[in-house]
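None of the figures in this text is laboratory data; all of them are computed from the coordinates on show. No experiment lies behind these values; they were computed from the predicted model shown. Cβ placement follows ideal geometry from the backbone for every residue including glycine, while neighbour counts extend to all protein chains displayed.
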Amino acid sequence: MTSLDLALIQDAYAKLRPVVHQTPLFSNRLLSQLTDCDLYLKAENLQITGSFKIRGALNKVSAVAQTNASGVVTGSSGNHGQAVAWAARFMHLTAQIVVPTTAPAAKVEAALSYGAQVEYCGTTSHERLERAQQIAKDTGMTFVPPYDDPLVMAGQGTIGLEILEQRPDVQTVLIPIGGGGLISGIATAIKSLRPDIRVIGVEPLGAPKAYQSRQAHARITLPSTDTIADGLKSLALGTQTYPIIERLVDDLVTVDDDEIRYAMGLLLTRQKLLTEPSGAATTAYALRRPAQIRGQKVVALISGGNIDVPTLCHQLNP
């Protein structure tokens, strides 16, 4: 079985680099003053499909295409689904995406525009992933996990390699946590090359699956989640992502929805970056001016920017 390591991430980087964007690393004097550190924003909201998810999806789907599979299927709250739809079209495969009934319209419309079929199912990650796996079993399509897969994690880990290229003097990296694929990949890349860099995972107070798992020293499944950050609402870390996070991530912290809203507004007005709530979580944490980042060179990952105008207006003026 393939396992995640630096070589797998470097292989993904070589494969993805001609296709995906090397997203910019922005700095902003006011945000650095407000956070009491040298803050740099890794703008994956400017990535193809509007989020980091295309990296893992394309890395996985390109491997699936080598097996002569007829198509791919996944379950997603939106960003992973869009990315799988785009990757499938790029690799000339069909795609079916199972989304929650609460999925943001902008994300569903994007998946449809890339040629995917979309099916609504339930409100939890468990429901949609179970349905997607059943479709794969019934049709022979290949299931593309949203996070709990070495090739998916390796694709996301290419962000870590980019950060080290763009800001080799970075001291701390802030990464949002949903199912854990993003932080598992980035932490593996960074800690393999620069173990001195601190990696901090940020998740919503209403979906603290990683935080609670760290406290319990065991993988915890939440009974429910409640947060505006729809991309970070997973009930549990993956069975493969959890041990990586436990081993490599230095600290796990939470932010509340009001802090996320405030960060979204600042990123939009001061840096002109449109972010969805999940993408603003890391900046929300930095704005607390925590002691472990004070005076340091810090990269905050802006994971995505897929939000429609009515939702944006509502979040900024609840």
*For the stretch 250-257, in order, what is each residue's ³J(HN,Hα) by Karplus, 6.51 cos²θ - 1.76 cosθ + 1.60 with θ = phi - 60°, in whole Hz (x at glycine and Pro)?*
6, 8, 10, 9, 10, 10, 8, 5
*What nm value, rounded to one decimal, do you get for the distance between D138 and V309 when each label is placed 7 Å out toward the C-beta?*
3.8
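Greater than 20 Å separation of Cα atoms is the criterion. Which listed pairs, K60/K209; K60/K137; K42/K209; K53/K297; K42/K272, meet it?
On the way: K60/K209 25 Å; K60/K137 18 Å; K42/K209 24 Å; K53/K297 25 Å; K42/K272 14 Å.
Check vs 20 Å cut-off fails for K60/K209; K42/K209; K53/K297.
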*asked:* Connecting C-alpha atoms closer than 10 Å in a GNM of the chain, tell me which of A210, A229, A85 has the biggest fluctuation.
replied: A229
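Cα gyration tensor of the stretch 53-143, axes a ≥ b ≥ c as square roots of the eigenvalues: rounded (a/c below 1.5), prolate (a/b > b/c) or oblate? Let's see the in-between values first.
Details: a/c = 1.89, a/b = 1.29, b/c = 1.46.
Since a/c reaches 1.5 but b/c is at least a/b, the shape of the stretch 53-143 is classed as oblate.
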*Label point at E246 placed 7 Å out along Cα→Cβ; residues across the stretch 219-240 whose backbone nitrogen lies under 16 Å*: 219-222, 236-240
*asked:* Can you divide the C-alpha Rg of the chain by 2.2 N^0.38 Å and report the result to two decimal places?
replied: 0.91
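Mind giving me the FRET efficiency for E130 and D5? R0 is 30 Å, r the Cβ-Cβ distance, nearest 0.05 is fine. Kindly include the intermediate steps, with their values, before the conclusion.
Numbers: r = 30 Å, r/R0 = 0.99.
It comes to 0.50.
Given R₀ = 22 Å, what would the calculated FRET efficiency be for A105 paired with D226, taking r from the Cβ atoms and rounding to 0.05? Write down the numbers at each step before the final one.
Details: r = 21 Å, r/R0 = 0.94.
The formula returns an efficiency of 0.60 here.
If I stretch the segment between Q215 and L25 completely, what's the gain in nm (0.36 nm per residue apart, minus their alpha carbon distance), one decimal? Write down the numbers at each step before the final one.
Details: separation 190, 0.36 × 190 = 68.40 nm, distance 3.26 nm.
Length gained, Q215 through L25: 65.1 nm.
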_Lys, Arg +1 and Asp, Glu -1 on Cβ, resulting dipole of the chain about Cα centre, debye, nearest 20_ = 480
*Mind giving me the nanometre distance, one decimal, between the label points for S113 and L193, set 7 Å out from Cα along Cα→Cβ?*
3.3
*If you plug each phi of the stretch 38-45 into the Karplus form 6.51 cos²θ - 1.76 cosθ + 1.60 with θ = phi - 60°, what whole-Hz ³J(HN,Hα) values come out, in order, with x for Gly and Pro?*
7, 9, 10, 10, 8, 8, 6, 5
_What does the charge count around V19 come to, taking other residues whose C-beta lies under 13 Å from its C-beta (Lys +1, Arg +1, Asp -1, Glu -1)?_
+4
